[in-house]
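Peer 1: If you scroll down you'll find the structure; I have some questions about it.
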Amino acid sequence: MDAIIQVKDLSKSFGPNVVLSDIDIEINRQEVVVVVGPSGSGKSTFLRCLNLLEMPERGEITIDGRPLLDKHTRIEEIRAEVGMVFQHFNLFPHMSVIDNIMLSPMKVRKRSPEQARKKGMELLGKVGLTDKAEAYPSSLSGGQAQRVAIARALAMEPKIMLFDEPTSALDPEMIGEVLAVMKDLAREGMTMVVVTHEMGFAREVGNRIVFMEQGRILEISSPEQLFDHPKHERTKEFLSKIL
Amino acid sequence: MADFRFDIIWDYFPLFMRGTLYTIGISVSGIILGSILGLLIGFGNMSSRWYLRLPMRGYIHFFRGTPLLLQILIVHYGVVYNVLGTTDAIVAAIVALALNAAAYTAEIYRAGIQSIDRGQSEAAKSLGMTHFQMMRYIIVPQAVKRMIPAFGNEFIVLIKDSSLVAVIAAPELMYWSRAASSQYGKIWEPYLTAAVIYLFLTYSLNKLLIYLERKM
(Lines give C-alpha, C1' and ligand atoms only; values in the text may rest on other atoms or scores of the structure.)
Protein backbone atom coordinates (compact mmCIF):
# COMPACT_ATOMS: atom_id res chain seq x y z
CA MET A 1 0.00 0.00 0.00
CA ASP A 2 0.97 3.59 -0.51
CA ALA A 3 1.45 5.02 2.97
CA ILE A 4 1.50 8.83 3.14
CA ILE A 5 1.94 8.89 6.93
CA GLN A 6 4.24 6.43 8.69
CA VAL A 7 4.62 6.53 12.45
CA LYS A 8 7.10 4.28 14.27
CA ASP A 9 7.61 3.90 18.02
CA LEU A 10 6.31 7.38 18.72
CA SER A 11 6.58 8.25 22.41
CA LYS A 12 6.16 11.37 24.47
CA SER A 13 5.76 12.31 28.12
CA PHE A 14 4.98 15.50 29.96
CA GLY A 15 7.20 15.21 33.01
CA PRO A 16 6.36 11.91 34.69
CA ASN A 17 3.12 11.48 32.68
CA VAL A 18 3.51 9.23 29.68
CA VAL A 19 1.09 10.61 27.06
CA LEU A 20 2.15 8.51 24.08
CA SER A 21 3.96 5.24 24.15
CA ASP A 22 5.16 3.25 21.18
CA ILE A 23 2.60 4.39 18.66
CA ASP A 24 2.92 2.53 15.36
CA ILE A 25 0.64 3.20 12.43
CA GLU A 26 0.71 3.66 8.68
CA ILE A 27 -1.96 5.72 6.99
CA ASN A 28 -2.58 5.38 3.27
CA ARG A 29 -3.32 7.99 0.68
CA GLN A 30 -7.04 8.84 0.50
CA GLU A 31 -7.70 6.99 3.71
CA VAL A 32 -9.86 8.40 6.50
CA VAL A 33 -8.62 7.32 9.92
CA VAL A 34 -10.72 8.23 12.93
CA VAL A 35 -9.06 8.25 16.34
CA VAL A 36 -11.33 7.64 19.32
CA GLY A 37 -10.79 7.04 23.01
CA PRO A 38 -11.43 8.50 26.44
CA SER A 39 -10.17 12.00 27.20
CA GLY A 40 -6.55 12.00 28.26
CA SER A 41 -5.84 8.97 26.10
CA GLY A 42 -3.31 10.94 24.03
CA LYS A 43 -5.31 11.12 20.81
CA SER A 44 -4.96 14.90 20.41
CA THR A 45 -1.28 14.77 21.30
CA PHE A 46 -0.79 12.04 18.68
CA LEU A 47 -2.52 14.19 16.07
CA ARG A 48 -0.48 17.27 17.03
CA CYS A 49 2.74 15.30 16.66
CA LEU A 50 1.92 14.75 12.99
CA ASN A 51 2.63 18.44 12.22
CA LEU A 52 5.00 18.95 15.15
CA LEU A 53 2.79 21.26 17.18
CA GLU A 54 3.94 18.80 19.83
CA MET A 55 7.50 17.58 19.81
CA PRO A 56 7.80 13.79 20.14
CA GLU A 57 10.52 12.50 22.41
CA ARG A 58 11.24 9.33 20.56
CA GLY A 59 10.22 7.61 17.37
CA GLU A 60 9.95 8.38 13.69
CA ILE A 61 7.30 10.15 11.65
CA THR A 62 7.41 10.21 7.87
CA ILE A 63 5.03 12.41 5.92
CA ASP A 64 4.88 11.77 2.18
CA GLY A 65 8.33 10.23 2.27
CA ARG A 66 9.98 13.02 4.29
CA PRO A 67 11.26 12.34 7.81
CA LEU A 68 9.63 14.90 10.09
CA LEU A 69 12.22 14.75 12.85
CA ASP A 70 15.28 14.96 10.66
CA LYS A 71 17.10 18.17 11.43
CA HIS A 72 17.51 18.95 7.74
CA THR A 73 13.76 18.90 7.19
CA ARG A 74 12.21 22.35 7.08
CA ILE A 75 9.15 21.87 9.22
CA GLU A 76 7.30 24.82 7.61
CA GLU A 77 7.39 23.03 4.25
CA ILE A 78 5.74 19.95 5.69
CA ARG A 79 3.17 21.93 7.66
CA ALA A 80 2.18 23.67 4.43
CA GLU A 81 1.20 20.22 3.08
CA VAL A 82 -0.70 19.20 6.21
CA GLY A 83 -3.85 21.17 7.02
CA MET A 84 -5.17 21.28 10.56
CA VAL A 85 -8.58 22.12 11.97
CA PHE A 86 -8.80 22.93 15.67
CA GLN A 87 -11.46 22.46 18.31
CA HIS A 88 -11.64 26.22 18.90
CA PHE A 89 -11.38 27.22 15.21
CA ASN A 90 -8.48 29.65 15.84
CA LEU A 91 -9.50 32.04 13.09
CA PHE A 92 -7.50 35.28 13.03
CA PRO A 93 -9.89 37.79 14.62
CA HIS A 94 -8.23 40.88 13.14
CA MET A 95 -8.85 39.79 9.55
CA SER A 96 -11.94 39.27 7.45
CA VAL A 97 -12.95 35.75 6.47
CA ILE A 98 -11.45 36.02 2.99
CA ASP A 99 -8.21 37.50 4.36
CA ASN A 100 -7.98 34.62 6.83
CA ILE A 101 -8.13 32.26 3.88
CA MET A 102 -5.84 34.22 1.52
CA LEU A 103 -3.02 35.04 3.94
CA SER A 104 -1.06 31.80 3.91
CA PRO A 105 -1.42 31.02 0.20
CA MET A 106 -0.02 34.51 -0.48
CA LYS A 107 2.76 34.55 2.11
CA VAL A 108 3.79 30.89 2.19
CA ARG A 109 2.89 29.71 -1.31
CA LYS A 110 3.62 33.13 -2.90
CA ARG A 111 0.32 33.17 -4.79
CA SER A 112 -0.80 36.48 -6.26
CA PRO A 113 -3.68 38.22 -4.43
CA GLU A 114 -5.94 37.54 -7.44
CA GLN A 115 -5.15 33.83 -7.48
CA ALA A 116 -5.54 33.58 -3.70
CA ARG A 117 -8.86 35.40 -3.74
CA LYS A 118 -10.24 33.27 -6.57
CA LYS A 119 -9.28 30.06 -4.79
CA GLY A 120 -10.59 31.46 -1.49
CA MET A 121 -14.00 32.34 -2.94
CA GLU A 122 -14.18 28.91 -4.56
CA LEU A 123 -13.55 27.28 -1.18
CA LEU A 124 -16.07 29.53 0.56
CA GLY A 125 -18.57 28.37 -2.03
CA LYS A 126 -17.69 24.80 -1.21
CA VAL A 127 -18.39 25.30 2.51
CA GLY A 128 -21.50 27.35 1.72
CA LEU A 129 -20.31 30.72 3.02
CA THR A 130 -19.72 32.89 -0.06
CA ASP A 131 -21.78 35.67 1.50
CA LYS A 132 -19.49 35.82 4.55
CA ALA A 133 -16.27 36.66 2.66
CA GLU A 134 -16.01 40.19 4.05
CA ALA A 135 -17.38 39.33 7.51
CA TYR A 136 -15.15 39.23 10.58
CA PRO A 137 -14.81 36.01 12.59
CA SER A 138 -16.52 37.51 15.65
CA SER A 139 -19.76 37.79 13.68
CA LEU A 140 -19.86 34.10 12.73
CA SER A 141 -21.62 31.26 14.51
CA GLY A 142 -19.46 28.37 15.71
CA GLY A 143 -20.47 26.20 12.79
CA GLN A 144 -19.70 28.95 10.28
CA ALA A 145 -16.35 29.68 11.95
CA GLN A 146 -15.34 26.04 11.76
CA ARG A 147 -16.32 25.83 8.09
CA VAL A 148 -14.19 28.92 7.40
CA ALA A 149 -11.33 27.25 9.30
CA ILE A 150 -11.67 24.21 7.05
CA ALA A 151 -11.66 26.43 3.94
CA ARG A 152 -8.57 28.24 5.27
CA ALA A 153 -6.71 24.96 5.71
CA LEU A 154 -7.81 23.73 2.24
CA ALA A 155 -6.59 26.95 0.62
CA MET A 156 -3.04 25.66 1.10
CA GLU A 157 -4.01 22.65 -1.06
CA PRO A 158 -2.78 20.19 1.56
CA LYS A 159 -2.18 16.51 0.94
CA ILE A 160 -3.40 15.58 4.41
CA MET A 161 -6.00 17.11 6.71
CA LEU A 162 -5.88 16.72 10.49
CA PHE A 163 -9.04 17.38 12.52
CA ASP A 164 -8.66 17.87 16.28
CA GLU A 165 -12.15 17.44 17.81
CA PRO A 166 -13.63 19.79 15.20
CA THR A 167 -17.17 19.62 16.56
CA SER A 168 -16.52 19.47 20.31
CA ALA A 169 -16.94 23.22 20.87
CA LEU A 170 -20.10 23.51 18.74
CA ASP A 171 -23.75 23.75 19.70
CA PRO A 172 -25.51 20.49 18.79
CA GLU A 173 -27.47 21.98 15.89
CA MET A 174 -24.25 23.15 14.21
CA ILE A 175 -22.38 19.87 14.34
CA GLY A 176 -24.16 18.53 11.26
CA GLU A 177 -23.07 21.32 8.93
CA VAL A 178 -19.40 20.82 9.83
CA LEU A 179 -19.58 17.04 9.53
CA ALA A 180 -21.24 17.43 6.13
CA VAL A 181 -18.27 19.44 4.86
CA MET A 182 -15.90 16.80 6.23
CA LYS A 183 -17.85 14.02 4.53
CA ASP A 184 -17.63 15.83 1.20
CA LEU A 185 -13.92 16.13 1.69
CA ALA A 186 -13.56 12.41 2.44
CA ARG A 187 -15.61 11.57 -0.63
CA GLU A 188 -13.25 13.63 -2.79
CA GLY A 189 -10.40 11.44 -1.62
CA MET A 190 -8.65 13.66 0.95
CA THR A 191 -6.40 11.81 3.35
CA MET A 192 -7.83 12.60 6.77
CA VAL A 193 -6.95 11.88 10.38
CA VAL A 194 -9.86 12.82 12.62
CA VAL A 195 -9.97 12.90 16.41
CA THR A 196 -13.61 13.01 17.38
CA HIS A 197 -16.33 11.82 19.70
CA GLU A 198 -18.85 11.64 16.83
CA MET A 199 -19.25 7.88 16.55
CA GLY A 200 -21.83 8.18 13.78
CA PHE A 201 -19.30 10.02 11.64
CA ALA A 202 -16.59 7.52 12.53
CA ARG A 203 -18.73 4.59 11.45
CA GLU A 204 -20.01 6.20 8.28
CA VAL A 205 -16.86 7.89 6.98
CA GLY A 206 -13.92 6.17 8.63
CA ASN A 207 -11.98 3.51 6.71
CA ARG A 208 -10.24 2.51 9.91
CA ILE A 209 -10.86 3.36 13.53
CA VAL A 210 -8.03 3.70 16.03
CA PHE A 211 -8.93 3.17 19.66
CA MET A 212 -6.46 4.76 22.08
CA GLU A 213 -6.14 4.55 25.82
CA GLN A 214 -3.44 5.81 28.19
CA GLY A 215 -1.15 6.80 25.37
CA ARG A 216 -1.33 3.48 23.56
CA ILE A 217 -3.15 2.21 20.51
CA LEU A 218 -5.27 -0.64 21.81
CA GLU A 219 -7.00 -1.52 18.59
CA ILE A 220 -7.04 -0.57 14.91
CA SER A 221 -10.00 -2.02 13.02
CA SER A 222 -12.61 -1.39 10.39
CA PRO A 223 -15.65 0.50 11.74
CA GLU A 224 -17.84 -2.62 11.54
CA GLN A 225 -15.32 -4.67 13.44
CA LEU A 226 -14.67 -2.06 16.11
CA PHE A 227 -18.24 -1.02 16.77
CA ASP A 228 -19.90 -4.43 16.42
CA HIS A 229 -17.19 -6.84 17.54
CA PRO A 230 -14.56 -4.97 19.54
CA LYS A 231 -11.59 -7.16 20.45
CA HIS A 232 -10.69 -5.51 23.72
CA GLU A 233 -12.70 -5.43 26.92
CA ARG A 234 -11.66 -1.80 27.34
CA THR A 235 -12.98 -0.88 23.88
CA LYS A 236 -16.31 -2.54 24.68
CA GLU A 237 -16.54 -0.66 27.95
CA PHE A 238 -15.75 2.67 26.27
CA LEU A 239 -18.26 2.12 23.48
CA SER A 240 -20.98 1.01 25.87
CA LYS A 241 -20.61 4.30 27.72
CA ILE A 242 -20.84 6.58 24.72
CA LEU A 243 -23.10 4.80 22.24
CA MET B 1 -0.73 82.46 50.22
CA ALA B 2 -1.98 86.02 50.71
CA ASP B 3 1.20 87.42 49.22
CA PHE B 4 1.03 85.23 46.08
CA ARG B 5 3.16 87.06 43.53
CA PHE B 6 2.02 86.59 39.97
CA ASP B 7 4.90 88.77 38.80
CA ILE B 8 7.35 85.94 39.59
CA ILE B 9 5.48 83.64 37.23
CA TRP B 10 5.41 86.42 34.69
CA ASP B 11 9.17 87.08 35.00
CA TYR B 12 9.92 83.41 34.55
CA PHE B 13 7.26 82.83 31.90
CA PRO B 14 9.70 82.46 28.95
CA LEU B 15 11.86 80.09 30.97
CA PHE B 16 8.86 78.02 32.04
CA MET B 17 7.84 77.77 28.40
CA ARG B 18 11.30 76.82 27.24
CA GLY B 19 11.54 74.31 30.09
CA THR B 20 8.20 72.82 29.10
CA LEU B 21 9.40 72.36 25.52
CA TYR B 22 12.51 70.62 26.85
CA THR B 23 10.37 68.42 29.07
CA ILE B 24 8.27 67.45 26.06
CA GLY B 25 11.33 66.95 23.86
CA ILE B 26 13.19 64.84 26.43
CA SER B 27 10.11 62.72 27.18
CA VAL B 28 9.17 62.14 23.54
CA SER B 29 12.75 61.25 22.58
CA GLY B 30 13.00 59.03 25.66
CA ILE B 31 9.82 57.09 24.89
CA ILE B 32 10.64 56.68 21.19
CA LEU B 33 14.23 55.54 21.70
CA GLY B 34 13.16 53.50 24.72
CA SER B 35 10.42 51.75 22.73
CA ILE B 36 12.81 50.81 19.94
CA LEU B 37 15.44 49.54 22.35
CA GLY B 38 12.69 47.87 24.39
CA LEU B 39 11.54 45.97 21.30
CA LEU B 40 14.99 44.39 20.92
CA ILE B 41 15.27 43.70 24.63
CA GLY B 42 11.74 42.36 24.85
CA PHE B 43 12.19 39.93 21.96
CA GLY B 44 15.61 38.94 23.28
CA ASN B 45 13.99 38.24 26.62
CA MET B 46 11.42 35.98 24.93
CA SER B 47 14.04 34.12 22.92
CA SER B 48 14.53 30.42 23.42
CA ARG B 49 18.31 31.01 23.22
CA TRP B 50 19.76 31.46 26.68
CA TYR B 51 22.63 33.67 25.53
CA LEU B 52 20.09 36.21 24.26
CA ARG B 53 17.59 35.74 27.05
CA LEU B 54 19.83 35.96 30.10
CA PRO B 55 21.54 39.31 29.36
CA MET B 56 18.18 40.87 28.43
CA ARG B 57 16.62 39.57 31.61
CA GLY B 58 19.55 41.02 33.57
CA TYR B 59 19.06 44.37 31.85
CA ILE B 60 15.37 44.45 32.73
CA HIS B 61 16.07 43.51 36.34
CA PHE B 62 18.74 46.18 36.69
CA PHE B 63 16.72 49.08 35.29
CA ARG B 64 13.49 48.13 37.03
CA GLY B 65 15.23 47.32 40.30
CA THR B 66 17.34 50.45 40.84
CA PRO B 67 16.21 54.08 41.33
CA LEU B 68 15.90 56.19 38.20
CA LEU B 69 17.72 59.02 39.99
CA LEU B 70 20.72 56.75 40.43
CA GLN B 71 20.57 55.72 36.77
CA ILE B 72 20.49 59.37 35.70
CA LEU B 73 23.56 60.20 37.78
CA ILE B 74 25.50 57.18 36.52
CA VAL B 75 24.57 57.85 32.90
CA HIS B 76 25.43 61.54 33.11
CA TYR B 77 28.69 61.36 35.03
CA GLY B 78 29.81 57.84 34.11
CA VAL B 79 28.50 56.79 30.74
CA VAL B 80 27.61 59.61 28.38
CA TYR B 81 30.89 61.50 28.73
CA ASN B 82 32.99 58.36 28.29
CA VAL B 83 30.98 56.83 25.47
CA LEU B 84 29.54 59.79 23.57
CA GLY B 85 32.17 62.32 24.61
CA THR B 86 29.73 65.02 25.63
CA THR B 87 28.78 66.64 28.94
CA ASP B 88 25.44 67.87 27.58
CA ALA B 89 22.87 67.22 30.31
CA ILE B 90 20.03 66.99 27.79
CA VAL B 91 21.75 64.17 25.93
CA ALA B 92 22.38 62.40 29.23
CA ALA B 93 18.76 62.95 30.26
CA ILE B 94 17.41 61.42 27.04
CA VAL B 95 19.81 58.48 27.23
CA ALA B 96 18.98 57.74 30.87
CA LEU B 97 15.21 57.96 30.34
CA ALA B 98 15.41 55.84 27.16
CA LEU B 99 17.46 53.14 28.87
CA ASN B 100 15.00 53.09 31.75
CA ALA B 101 11.91 53.12 29.50
CA ALA B 102 13.40 50.28 27.43
CA ALA B 103 13.23 47.96 30.43
CA TYR B 104 9.59 48.79 31.06
CA THR B 105 8.50 48.70 27.41
CA ALA B 106 10.29 45.36 26.98
CA GLU B 107 7.92 43.99 29.59
CA ILE B 108 4.95 45.61 27.83
CA TYR B 109 5.90 43.86 24.58
CA ARG B 110 6.29 40.58 26.39
CA ALA B 111 2.97 40.86 28.21
CA GLY B 112 1.19 41.93 25.01
CA ILE B 113 2.57 39.08 22.94
CA GLN B 114 2.03 36.46 25.63
CA SER B 115 -1.57 37.62 26.06
CA ILE B 116 -2.41 36.34 22.56
CA ASP B 117 -4.09 32.95 22.71
CA ARG B 118 -1.80 30.02 21.89
CA GLY B 119 -4.34 28.82 19.34
CA GLN B 120 -3.40 31.79 17.14
CA SER B 121 0.25 30.78 16.87
CA GLU B 122 -0.71 27.13 16.40
CA ALA B 123 -3.05 28.03 13.55
CA ALA B 124 -0.36 30.18 11.93
CA LYS B 125 2.22 27.42 12.25
CA SER B 126 -0.16 24.77 10.95
CA LEU B 127 -0.59 26.90 7.81
CA GLY B 128 3.15 26.70 7.16
CA MET B 129 4.12 30.20 8.30
CA THR B 130 7.63 30.82 9.58
CA HIS B 131 8.13 32.26 13.06
CA PHE B 132 8.71 35.69 11.55
CA GLN B 133 5.56 35.54 9.36
CA MET B 134 3.52 34.40 12.34
CA MET B 135 4.77 37.34 14.42
CA ARG B 136 4.42 39.84 11.59
CA TYR B 137 0.92 38.96 10.36
CA ILE B 138 -0.81 37.27 13.29
CA ILE B 139 0.65 37.95 16.73
CA VAL B 140 2.03 41.50 16.66
CA PRO B 141 -1.00 43.15 14.97
CA GLN B 142 -3.24 41.73 17.69
CA ALA B 143 -0.80 42.43 20.50
CA VAL B 144 -0.19 46.07 19.57
CA LYS B 145 -3.80 46.93 20.26
CA ARG B 146 -3.55 45.46 23.73
CA MET B 147 -0.27 47.29 24.39
CA ILE B 148 -1.61 50.80 23.81
CA PRO B 149 -2.97 51.42 27.33
CA ALA B 150 0.24 50.16 28.92
CA PHE B 151 2.35 52.28 26.57
CA GLY B 152 0.29 55.37 27.39
CA ASN B 153 0.78 54.68 31.04
CA GLU B 154 4.53 54.33 30.60
CA PHE B 155 4.66 57.60 28.64
CA ILE B 156 2.78 59.45 31.39
CA VAL B 157 5.13 58.05 34.02
CA LEU B 158 8.07 59.08 31.86
CA ILE B 159 6.87 62.68 31.58
CA LYS B 160 6.66 62.93 35.35
CA ASP B 161 9.95 61.11 35.91
CA SER B 162 11.70 63.44 33.47
CA SER B 163 11.59 66.02 36.28
CA LEU B 164 14.39 64.03 37.97
CA VAL B 165 16.88 65.16 35.34
CA ALA B 166 16.80 68.59 37.01
CA VAL B 167 19.53 67.19 39.29
CA ILE B 168 21.99 67.06 36.41
CA ALA B 169 20.93 70.59 35.38
CA ALA B 170 19.09 69.65 32.22
CA PRO B 171 17.15 72.89 31.64
CA GLU B 172 13.64 71.45 31.64
CA LEU B 173 10.52 72.49 33.53
CA MET B 174 11.55 71.28 36.98
CA TYR B 175 14.99 72.88 36.65
CA TRP B 176 13.50 76.35 36.02
CA SER B 177 10.94 75.94 38.79
CA ARG B 178 13.73 75.26 41.26
CA ALA B 179 15.72 78.17 39.89
CA ALA B 180 12.77 80.53 40.37
CA SER B 181 12.12 79.16 43.82
CA SER B 182 15.64 79.74 45.03
CA GLN B 183 15.99 83.15 43.39
CA TYR B 184 12.87 84.56 45.10
CA GLY B 185 12.79 82.29 48.14
CA LYS B 186 9.25 81.34 47.22
CA ILE B 187 7.54 77.94 47.11
CA TRP B 188 4.02 78.22 45.78
CA GLU B 189 4.47 80.45 42.74
CA PRO B 190 7.02 78.36 40.82
CA TYR B 191 6.01 74.90 41.99
CA LEU B 192 2.29 75.41 41.55
CA THR B 193 2.97 76.68 38.03
CA ALA B 194 5.06 73.60 37.29
CA ALA B 195 2.36 71.36 38.73
CA VAL B 196 -0.29 72.94 36.49
CA ILE B 197 1.90 72.49 33.41
CA TYR B 198 2.72 68.83 34.22
CA LEU B 199 -0.96 68.19 34.86
CA PHE B 200 -1.84 69.78 31.54
CA LEU B 201 0.68 67.55 29.72
CA THR B 202 -0.34 64.28 31.35
CA TYR B 203 -4.06 65.05 31.17
CA SER B 204 -4.01 65.87 27.45
CA LEU B 205 -1.93 62.77 26.75
CA ASN B 206 -4.43 60.69 28.67
CA LYS B 207 -7.30 62.13 26.62
CA LEU B 208 -5.41 61.44 23.40
CA LEU B 209 -4.87 57.83 24.44
CA ILE B 210 -8.52 57.28 25.27
CA TYR B 211 -9.38 58.65 21.84
CA LEU B 212 -6.82 56.37 20.13
CA GLU B 213 -8.03 53.32 22.00
CA ARG B 214 -11.62 53.96 20.97
CA LYS B 215 -10.63 54.50 17.37
CA MET B 216 -8.82 51.16 17.11
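Peer 1: Need pairs with beta-carbon distance below 7 Å; first residue within 20 Å of B:SER182 (Cα to Cα) and touching a residue at least 40 places away in the same chain (Cβ under 8 Å) and within segment B:9-29, second open to solvent by 40 Å² or more (accessible area, probe 1.4 Å) and of a type outside the set (Asp, Glu); sequence gap 6+ or separate chains.
Peer 2: So the pair list comes out as B:TYR12/B:TRP176; B:LEU15/B:TRP176; B:PHE16/B:TRP176; B:GLY19/B:TYR175; B:GLY19/B:TRP176.
Peer 1: In segment A:174-200, what residues are under 21 Å from A:GLY40 (Cα atoms) and either open to solvent by 50 Å² or more (accessible area, probe 1.4 Å) or not β-branched (Val, Ile, Thr) (or both)? Step through it out loud before you land on a result.
Peer 2: Start the filter on segment A:174-200 by keeping residues that are under 21 Å from A:GLY40 (Cα atoms), which leaves A:193-199.
The answer is A:HIS197, A:GLU198, A:MET199.
Peer 1: Those residues that are in contact with a helix residue (DSSP H, G or I) (Cβ under 6 Å, 6 or more places away or on another chain), over 24 Å from A:GLY206 (Cβ atoms) and either free of Cβ contacts under 8 Å to residues at least 40 places away in the same chain or in a loop (DSSP other than H, G, I, E, B) (or both), I need them from segment A:142-155; list them, please.
Peer 2: Correct list: A:ALA155 only.
Peer 1: Looking at (1) in contact (Cβ under 8 Å) with a residue 24 or more places away in the chain; (2) surrounded by 17 or more Cβ atoms within 10 Å (Cβ to Cβ); (3) within 12 Å of another protein chain (Cβ to nearest Cβ), which is the only condition A:VAL97 fails?
Peer 2: Only one criterion is unmet by A:VAL97, namely (3).
Peer 1: In segment A:138-157, which residues are farther than 20 Å from A:LEU179 by Cα and more than 11 Å from chain B (Cβ to nearest Cβ)? Walk me through it before giving the result.
Peer 2: Going residue by residue through segment A:138-157, those that are farther than 20 Å from A:LEU179 by Cα are A:138-139, A:156.
Answer for segment A:138-157, where residues must be farther than 20 Å from A:LEU179 by Cα and more than 11 Å from chain B (Cβ to nearest Cβ): A:SER138, A:SER139.
Peer 1: Within segment A:98-150, track down each residue that is in contact with an Asp or Glu (Cβ under 7 Å, 6 or more places away or on another chain) and over 21 Å from A:GLU165 (Cα atoms).
Peer 2: Within segment A:98-150, just A:ILE98 meets the criteria.
Peer 1: Does B:ALA169 fit the bill of being of a type outside the set (Phe, Trp, Tyr), at positive phi, surrounded by fewer than 17 Cβ atoms within 10 Å (Cβ to Cβ) and more than 10 Å from chain A (Cβ to nearest Cβ)? Explain how you work it out, then say what you get.
Peer 2: Details: of a type outside the set (Phe, Trp, Tyr): yes; at positive phi: yes; surrounded by fewer than 17 Cβ atoms within 10 Å (Cβ to Cβ): yes; more than 10 Å from chain A (Cβ to nearest Cβ): yes.
The answer is yes for B:ALA169.
Peer 1: I'd like to verify a number: residues in segment A:66-88 that are surrounded by fewer than 21 Cβ atoms within 10 Å (Cβ to Cβ), more than 8 Å from every other protein chain (Cβ to nearest Cβ) and not in a helix (DSSP H, G or I), how many?
Peer 2: Residues flagged as surrounded by fewer than 21 Cβ atoms within 10 Å (Cβ to Cβ), more than 8 Å from every other protein chain (Cβ to nearest Cβ) and not in a helix (DSSP H, G or I) within segment A:66-88 amount to 9.
Peer 1: Identify the residue in segment A:46-58 that is open to solvent by 20 Å² or more (accessible area, probe 1.4 Å) and out of contact with any helix residue (DSSP H, G or I) (no Cβ under 6 Å at 6 or more places or on another chain) and, among all such residues, is nearest to B:ARG118 (Cα to Cα).
Peer 2: Across segment A:46-58, the extreme among qualifying residues is A:ARG48.
Peer 1: Name the residue, out of B:LYS160, B:LYS145, that is modelled with pLDDT of 95 or more and of a type in the set (Lys, Arg).
Peer 2: Numbers: B:LYS145 fails: modelled with pLDDT of 95 or more.
Checking each option against the conditions leaves just B:LYS160.
Peer 1: Let me ask something else about it. Report those strands (runs of 3 or more DSSP E) wholly inside segment A:169-231 carrying at least 2 residues which are more than 16 Å from the chain's Cα centre (by Cα) and of a type in the set (A, V, I, L, M). Steps first, please.
Peer 2: Numbers: elements: A:191-195, A:208-213, A:216-221.
Hits in segment A:169-231: A:216-221.
Peer 1: Still on this structure, please answer the following. Can you confirm whether segment B:3-10 contains a residue that is open to solvent by less than 20 Å² (accessible area, probe 1.4 Å), at pLDDT below 95 and touching an Asp or Glu at 6+ places or on another chain (Cβ under 7 Å)? Even if it seems obvious, please write down each step before you answer.
Peer 2: So the first thing to find is which residues in segment B:3-10 are open to solvent by less than 20 Å² (accessible area, probe 1.4 Å), and the list is B:8.
Restricting the remaining residues to those that are at pLDDT below 95 gives B:8.
From what is left, the residues that are touching an Asp or Glu at 6+ places or on another chain (Cβ under 7 Å) are B:8.
Among the residues of segment B:3-10, at least one is open to solvent by less than 20 Å² (accessible area, probe 1.4 Å), at pLDDT below 95 and touching an Asp or Glu at 6+ places or on another chain (Cβ under 7 Å), which makes the answer yes.
Results for (1) in contact with a Cys (Cβ under 8 Å, 6 or more places away or on another chain); (2) open to solvent by 20 Å² or more (accessible area, probe 1.4 Å); (3) within 22 Å of A:MET190 (Cα to Cα); (4) not in a strand (DSSP E or B), shown as yes or no for each residue.
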{"position": "A:VAL35", "(1), (2), (3), (4)": "no, no, yes, no"}
{"position": "A:MET102", "(1), (2), (3), (4)": "no, no, yes, yes"}
{"position": "A:LYS118", "(1), (2), (3), (4)": "no, yes, yes, yes"}
{"position": "A:GLU122", "(1), (2), (3), (4)": "no, yes, yes, yes"}
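Peer 1: List the number of the failed condition for B:LYS186; all other conditions in (1) basic (Lys, Arg); (2) in contact with a Lys or Arg (Cβ under 9 Å, 6 or more places away or on another chain); (3) open to solvent by 40 Å² or more (accessible area, probe 1.4 Å) hold.
Peer 2: So B:LYS186 meets the others, but not (3).
Peer 1: I've got another one for you. Looking for something assigned to a helix (DSSP H, G or I) and within 22 Å of the chain's Cα centre (by Cα) - is there at least one such residue anywhere in segment B:185-193? Working first, answer last.
Peer 2: Keep residues of segment B:185-193 that are assigned to a helix (DSSP H, G or I), which gives B:188-193.
Keeping just the survivors that are within 22 Å of the chain's Cα centre (by Cα) gives none.
No, segment B:185-193 contains no residue that is assigned to a helix (DSSP H, G or I) and within 22 Å of the chain's Cα centre (by Cα).
Peer 1: Identify, from the list B:TYR59, B:TYR51, B:TYR104, the residue that is away from chain A (no Cβ under 14 Å), at pLDDT 95 or above and more than 23 Å from the chain's Cα centre (by Cα). Please lay out each step first, then the result.
Peer 2: Working: B:TYR59 fails: more than 23 Å from the chain's Cα centre (by Cα); B:TYR104 fails: more than 23 Å from the chain's Cα centre (by Cα).
On inspection, the qualifying residue turns out to be B:TYR51.
Peer 1: When segment B:122-136 is examined, which residues are found to be more than 8 Å from chain A (Cβ to nearest Cβ) and either open to solvent by 20 Å² or more (accessible area, probe 1.4 Å) or in contact (Cβ under 8 Å) with a residue 60 or more places away in the chain (or both)?
Peer 2: B:HIS131, B:PHE132, B:MET135, B:ARG136
Peer 1: Kindly provide the set of residues from segment B:137-155 that are at the interface with chain A (Cβ under 9 Å from one of its Cβ atoms) and either touching a strand residue (DSSP E or B) at 6+ places or on another chain (Cβ under 9 Å) or free of Cβ contacts under 8 Å to residues at least 24 places away in the same chain (or both), ordered by number.
Peer 2: Of segment B:137-155, the ones at the interface with chain A (Cβ under 9 Å from one of its Cβ atoms) are B:137-138, B:141-142, B:145.
Within segment B:137-155, B:TYR137, B:ILE138, B:PRO141 meet the criteria.
The values are calculated or read from the model by the stated rules, or taken from the named source; none is laboratory data. As the structure is a prediction and not an experimental result, all values here were calculated from the model. Every residue, glycine as well, gets a Cβ built from its backbone with ideal geometry; the counts of neighbours run over all protein chains shown. In case anyone asks, the SASA skips ligands and DNA or RNA and just uses the protein heavy atoms, side chains included. Shrake-Rupley method; radii C 1.70, N 1.55, O 1.52, S 1.80 Å.
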